[in-house]
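Chemist: Can you read through this structure? Questions will come right after.
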């Protein structure tokens, strides 16, 4: 009998020993713990934060630029979501520029990165008493410290990208988990957000090298990193926005119950303008100023002294495919500049005089692209100008190779030249690097001039810095005349910003902060109708391209409806 | 094999080797797709000079089968198991214990011999001579690749404790089982051409189950069973699921008050309620097999004067350590009865509540969380329905015997919760609709010449699909929603709504009848389905689209003359983005009644057959899919495109020696 009981136990033993371990046989992925141990892997975490910096070249729907949501251009494909901005059909559910989640993703990466930097295992060097190991240890310690400031700057930059769209947003500087109570998350006031951003800029500026050629940065490997100048430049932009009308005029919101979310507390505007001009002057005084070089080639490079910070990309020719004129191989017309923008480029009468373009002047109207600010030709393909590889003159006249009535030909009578690397032969599959410049010196100069003109009109520095931009190499527009009134100077500065920074994603925000939305974005967009005469001359007639919609609520973006539904404490922006 | 008085062993082994040969470029779908697309006048199969016809646009279907080499698939299967059973009668009568191990292996290799053929299109020269185009494709020599197509390796270890005993009128049986299995799959699920480290990570389960059945006097039956299952794809705390179920039965006809009833011969009521689990959620849209572990990847950038690429580590979808079994609660109640001796009736009602279905978490996690959110066990569906079966069987003693069986099943299902993202057009929410409900544009006739004239003045007065120049005779769609939730003069994704029914019919009925008279027998199977919608897509129905041909469905197309009677949009020689949108225009009622099979047979007289030492011999004719009644004029609702439903007619002779 006993024997059988033993046999039974034997069976049971077999059964239970067969009970296998249900853990994975092998782990194929690397987890946070493994990443945080290693110096090199944590650096890769930082690289991934850099990759969240926006690229404005193929921005909306993988094709359109933000310029096509402004009076700068019209995107040719009607199906691109950017058209919602122009028809006014964007809202809390449908927003073509839906970056709310994107930037919070970047912010989350930074929050986690700042925890990871404390966990890197440097013991192999720390515990090795040899001088070389100790030197590596100290360098690595310093590098890790520098990384934290690069990351914190980038987080501040992401916050500002949110703030300029949404006003005050929730400042989330811890890593949220699924267990957190999302309904407790509230928007911080605009003032809190801007103070947080400028404070982060200040601390980054004190800790980071001046530029990417300043040790410990070495340009060969570190070009493109955040520097002291980058941090100061962001601060300059932030304080300029803070001083501008939009954030100081809550009345547009029509009695909105939470003005602190969309405007700053009432205070002395002059002090705000002064803070803005001081911030710009700090950038100017931080180092020797570069000579502003050729305008056209600036947008085909990522290595130029004028550039303070740029978003780097791999080589591609997608931008050329999207934006080449329709008659060129693989061209799709893309973002086509408007007549409104073309008209903003001044006419150079002589070495000292430049005047506004005027269609009523028969000489100008007959030959509208003669004697214009050279930046027109650098940024925009006008009719019968040469383009591309292999090069030919672009025929935008009615019946021309690139003009109506060809399907998807430019609706405005112009094509985009800025950023296009014209030497690429698309049929051969040539590619080039398209970097997206985020800060360059002329912005700082114009920030300085704009702010100074508001609190200290007549200051000699105003004209000085606008002229540096106007008279840059290869542009050489006549300097501004002396003795302009404050209002005239304001107009000049705004126009300079418009032409110098066309297509660089400034217009959308500048018009909003100047509160000129109805004036520029609420009127029909214009283009030009081109007829070729029998003698091969052309007749140019301005025409309406399409109606554009703008109303007050569009000064800020609506908070996404899905997040409002989930996080009940979030408050929607005015009038949405 | 009996090893001792109490111990027995059973060893099974089975194996198979299969080999198949196919033309290399042959796939059923591809071949029928090409046949559907090819315009009949595109090119001759063979040119006058015996080369293959074809153009740069179309390949030659005959040449594809004959001149592209061949693919040989070779698969080997071996299944083996060893089971030892020991009677434990010395402990208590009716108890036994057994253990089993099985090892199963499958391997399929492919031997692919590739070649290409040149094809030439011909045209007529000025003098009426035949001109040959430059060749499309080159004649190549046969090149070969040897590849692993599919394989699995599986190991199962099981142990059972069985108990079965009768005490007077009570029957008691019980079972305890332990199971541990492991399978490594390396096949189509994880594309063998691009193996990843995860490809051969084995799927593993541990489980235990128990069952206890009690029957009293063949009248009352009760059963309780439990399952406890563990899987390796969930986090340690969430691996095991407990799945109990219970059922009861009552055979009322065994009770005294019905025992000798003339009209009710048999009557049984049954009911069951249980919970089952599903861990096969990877295929249902989980990007990673291990949703409970976080992963990192992507997010590279460029630094330095050389714009040097550097790698990044970005957090992928947040890990969900709580992901666990999908569950289904099923309630079943049923009645089986035999009345008037010959009529069997059976009725079943079911209600299945699926819960914890793994779905995206759009509606519960905010975007400011800042990370791709995980799929959560949040989805819920409900399905209810019934099955009815009626069968009449004639007395088996008579010369004329027959039976008629009718069955019907019906179900209705509903998505109870789907965690959907916010939609502008509230008609697009799938929650509350049937599983598989199609959403598309609603077609409301054709544009008239008047509409086009109005459009010239104000394009938004007559809404249309963007990017296409609309002409009279194009399909017109209902404008229901714009970004503001009201008609906006543009037809786009926001104008979609529920159209038609899901493709799966929810009412299926069958009729099965048989007749036997002396030596003749006759059998019929009918099937009918309804409440389903089919879609007329692809080259058979959409004329000239994707370089296709035109089919008879387009005969009554729109022309200015037939504007009032047309039932097909105007023809366009190039792809038309307006007319061939996914819309109600191309939907049809998919109901049908089919004679699935019919058979007539004659059994030769025994007197005749015994003379040639044959026991029985029967001659028969069988036909399948003999006829269909449906509302679709131009095809079979079950297979509108691709491999067609086949009608077969078989003449047979069956001999028993």
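Values quoted throughout were computed directly from the atomic coordinates according to the rules given, and no laboratory measurement underlies them. Computed from a predicted structure; not experimentally measured. Cβ atoms come from the backbone with ideal geometry, glycine included; neighbour counts cover every protein chain shown.
Chemist: Quick one: Cα centre-to-centre distance for segment A:184-243 and segment B:216-274, in angstrom?
Modeler: 70
Chemist: Can you sort A:414, A:295 by how many other beta carbons sit within 10 Å, fewest first?
Modeler: Least to most surrounded, the residues fall as A:295, A:414.
Chemist: Averaged over all directions, how much area does the convex hull of the C-alpha atoms of segment B:528-654 cover when projected, in nm²?
Modeler: If I average the Cα hull's projected area over directions, I get 11.6 nm².
Chemist: Treating chain A as a set of equal point scatterers at the Cα positions, no solvent, please give the Debye-formula log₁₀ I(q)/I(0) at q = 0.06, 0.07, 0.08 Å⁻¹.
Modeler: Reported log10 I(q)/I(0), two decimals: -0.36, -0.47, -0.60.
Chemist: Rank these for me by crowding, A:503, B:160, going from fewest to most other beta carbons within 10 Å.
Modeler: B:160, A:503
Chemist: A follow-up question, please. Using helices alone, I'd like the mean residue ellipticity at 222 nm for chain B: each DSSP H run of four-plus residues gives -39500 (n - 2.57), total over residue count, nearest 500.
Modeler: Helix contribution divided over all residues of chain B: -1500 deg cm²/dmol.
Chemist: Follow-up question, since we're still on this one. Using alpha-carbon pairs under 8 Å, 6+ residues apart, how would you state the relative contact order of chain A in percent?
Modeler: Averaging sequence separation for qualifying contacts and normalising by length gives 18 percent for chain A.
Chemist: Right, another one. Among bridges DSSP assigns within segment B:420-521, what percent are antiparallel (round to 5)?
Modeler: Antiparallel bridges: around 75 percent, rounded to the nearest 5.
Chemist: If you don't mind, another one. Where a ≥ b ≥ c are the square roots of the eigenvalues of the C-alpha gyration tensor, would you call segment A:294-421 rounded, which needs a/c under 1.5, or, failing that, prolate if a/b is larger than b/c, or oblate?
Modeler: Verdict is oblate for segment A:294-421.
Chemist: Using a 10 Å cut-off around each Cβ of peptide A:101-108, what is the average number of partner chain Cβ atoms that fall inside?
Modeler: That average works out to 5.
Chemist: Now for a separate question. By how many degrees, between 0 and 90 and to the nearest 10, does the Cα long axis of helix A:228-243 differ from the longest principal axis of chain A?
Modeler: Taking the Cα atoms of chain A, the angle to A:228-243 is about 60 degrees.
Chemist: Go ahead and estimate [θ] at 222 nm for chain A from helices alone: -39,500 (n - 2.57) per DSSP H run with n ≥ 4, summed, over the residue count, rounded to 500.
Modeler: Using -39500 (n - 2.57) per qualifying helix, the result is -12500 deg cm²/dmol.
Chemist: Hey, another quick one. Going by the alpha-carbon gyration tensor, a ≥ b ≥ c the square roots of its eigenvalues, is segment A:164-209 rounded (a/c under 1.5) or, if a/c is not under 1.5, prolate (a/b greater than b/c) versus oblate?
Modeler: It comes out oblate by the Cα gyration axes.
Chemist: What percent do you get for the relative contact order of segment B:300-374 when only Cα pairs under 8 Å and 6+ apart count?
Modeler: Value for segment B:300-374: 30 percent.
Chemist: Right, next: State whether segment B:87-238 is rounded, prolate or oblate according to the following rule on the C-alpha gyration tensor (a ≥ b ≥ c being the square roots of its eigenvalues): a/c under 1.5 gives rounded; otherwise a/b larger than b/c gives prolate, and the remaining case gives oblate.
Modeler: prolate
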